[in-house]
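The next block holds one structure in the form of structure tokens; read it before the comments.
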Amino acid sequence: MAVIMNKKFLVRSFGCQMNKLDSSLVVNSFTQSGFELTEDIGATDVVLVNTCSVRNHAEERVLSMLGHLKHIKKTNPHLIVAVFGCMAQRRKEDLLNHPVVNIVCGPLQIPQLVNLVNNAIENTKKQKAVSENIRHKPLPKSLASLDDFEQDYDSVEEHLPAQAFVRVMHGCDNFCSYCVVPYVRGPEVSRPPEKIITQIKKLVDTGVKQVTLLGQTVNSYQHENMSFADLLYEVSKIDGLEWIKFVTCYPRDFDERIFKAMIDLPKICRYLHIPAQSGSDRILKAMNRGYTAEQYLEIIYKAKDIVPDIAVAGDFIVGFPSETDEDFQKTVELVQKAKYKNSFVFKYSPRPGTRANEKLADDVPNEVKKQRNIDLLAVQEKISAEINQAFVGRTLKVMVDGVSKKGHLDIAHKKEHTQLIGRSAGDYIVVFDGLANLAGQFIDVNITRASALTLFGKI
Ligand code: 5AD
Ligand code: SF4
């Protein structure tokens, strides 16, 4: 009698931390439904592609992957290709009509993905599950199913032992004029605190020591009377949990109690990712960000006043429509004043459906965007190098992620002494030699050397 093998599946993930979390939930839901995870694209039955729409480049990478899958499907015509996440929601039928795509599934329909794949295997028909009216608040039934999905399939990060990511809210209501997120992830909905707490307790029982709370604008978390600061106090009470990080913050209506929580509660890491996007008031207005550069800096100064050793990271978009050299110079000045530990810099990418794309011409030449990107990163690099240099001679507590990808076996040490990588409470990257089995542990590292990107040390 023929042995029926489990169907094999493979996941490719593009985009942000939220997508990484969705991918790990999807992996767990498939393995628990009897599928077998593989890394071998030539031997898989199902390919799941988690997609990002935030910049055009991210979508192009998915399209090129689909092009590659076309060749694979020639030798394996039964291969099922499911595209899920933000791009699936944005492009709907358009993607479903792609010759290799069998399934299109939006971010809010991820709990249905296993069923969609099973249906496609059985009846070979194309399957689609997306929100038809993404800006309508999801029905309580669908929110409950997302919550259950989250609780049932959340786990310790495979590549980051003892760490987990926990969503505290879905969607976004800010409508920054360049941003596609409100149109693909839907309205802002905060998850009930009791569900978040139960989920984290469960994770801690399975060995998690650090959680990162995720949301597009975590600081605007509000569930009935519970604000984000209140939630931090509640999460902090969980025994066995040692570090709590959160991303990303929105620099408007910032509740100072979040900074006070960092002082009151030793588990809250003193790290703030708070994108400014621009330092020019005119551009900030066109971006619909709802604050001026001065108001933004006031929040940063307040944070540093209350929490003197707080580490701050930022995001910037260069080459937004009509951005002049003068506007860009204001961004440079803001970076210098904010003294970020690091900044992420992106070239403006017009996104269909957003207000900036509809109302404003993408009139900054690509060469200028590229140069501003390089220039802003150079300004940031100097600041990062200075900040990092000040750590030399100090000892930092580090959560060990694992073996550094750039690391190599140090033969002199034998005993598998290798280069490890981890992060401090301020989210600084720390590299040092140690045994690979330290992954998932906290360890004190003496910092001996620093570059703009990395702190190097000894244990
Ligand atoms: N073009 C370029 N960068 C963008 N971001 C969001 N939308 C766009 C866009 N259309 C950047 C912002 C945001 C980060 C996640 O991506 O800086 O903070
Ligand atoms: Fe996009 Fe603005 Fe929402 Fe962030 S806050 S996800 S940039 S709309």
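Coordinate-derived values only; no laboratory data. Small disclaimer: the values here were computed from a predicted structure and weren't measured. Cβ placement follows ideal geometry from the backbone for every residue including glycine, while neighbour counts extend to all protein chains displayed.
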Practice problem: Give the cross-link partners of Lys285 among the lysines, using a straight C-alpha distance below 17 Å as the criterion and excluding same-chain residues fewer than 8 apart. | Solution: Lys330, Lys359
Exercise. Starting from the Cα gyration tensor of region 321-396, multiply each eigenvalue by 5, take the square root, and state the resulting semi-axes largest first in whole Å.
Key: 32, 13, 10
Quiz item: How big is the chain on each of its three principal axes, counting only the C-alpha atoms and giving the largest first in Å?
Solution: 68, 61, 48
Quiz item: Lys/Arg Cβ at +1, Asp/Glu Cβ at -1, dipole of the chain taken about the Cα centre: which of Met65, Gln329, Thr217 is farthest positive-ward?
Solution: Met65
Exercise. Please give the net charge around Ala286, taking every other residue with its beta carbon less than 11 angstrom from that of Ala286, where Lys and Arg add +1 and Asp and Glu add -1.
Key: +2
Self-check item: Residue among Pro77, Ser53, Val117 farthest towards the positive dipole end of region 39-121, charges placed on Cβ
Solution: Ser53
Quiz item: If one puts a single equal scatterer on every Cα of region 213-261 and applies the Debye formula without solvent, what log₁₀ I(q)/I(0) results at q = 0.27, 0.30 Å⁻¹?
Solution: -1.16, -1.33
Quiz item: For Gln336 and Phe175 in one chain, what is 0.36 nm times their gap in residues minus the Cα-Cα distance, to one decimal in nm?
Solution: 55.2 nm
Exercise. Set the Förster distance to 41 Å, then compute FRET efficiency between Leu265 and Arg12 from the Cβ-Cβ distance, nearest 0.05.
Key: 0.60
Self-check item: Farthest toward positive dipole pole in region 239-393 [+1 Lys/Arg, -1 Asp/Glu at C-beta], among Gly279, Phe391, Ala261
Solution: Ala261
Quiz item: How far, in nm, would the chain grow between Lys141 and Asp94 when pulled straight, counting 0.36 nm per residue and subtracting the alpha carbon separation?
Solution: 14.2 nm
Practice problem: Subtract the Cα-Cα distance of Glu326 and Val189 from 0.36 nm times their separation in residues, and report this length gain in nm to one decimal. | Solution: 45.5 nm
Quiz item: Amide H to amide H, which residues 5 or more places from Gln127 or on other chains are under 5 Å from it, using H placed in the peptide plane?
Solution: Ile103, Val104
Exercise. Could you pull out every one of the lysines with an alpha carbon less than 17 Å from that of Lys201, ignoring same-chain neighbours closer than 8 positions?
Key: Lys209, Lys237, Lys245, Lys267
Quiz prompt | the chain - Cys residues lacking any other Cys C-beta under 4.7 Å | solution = Cys16, Cys52, Cys86, Cys105, Cys172, Cys249, Cys269
Quiz item: How many percent of DSSP beta bridges within the chain run antiparallel, rounded to 5?
Solution: 35 percent
Quiz item: If Lys and Arg each add +1 and Asp and Glu each add -1, what is the summed charge of the other residues whose beta carbon sits under 12 Å from the beta carbon of Phe246?
Solution: +3
Quiz item: Mind listing the phi-derived Karplus ³J(HN,Hα) values for region 94-107, rounded to whole Hz, using 6.51, -1.76 and 1.60 with θ = phi - 60°, and x for any glycine or proline?
Solution: 3, 7, 4, 6, 4, x, 8, 7, 9, 9, 10, 9, x, x
Quiz prompt | 13 Å beta-carbon shell around Leu79, net charge (K/R +1, D/E -1) | solution = +3
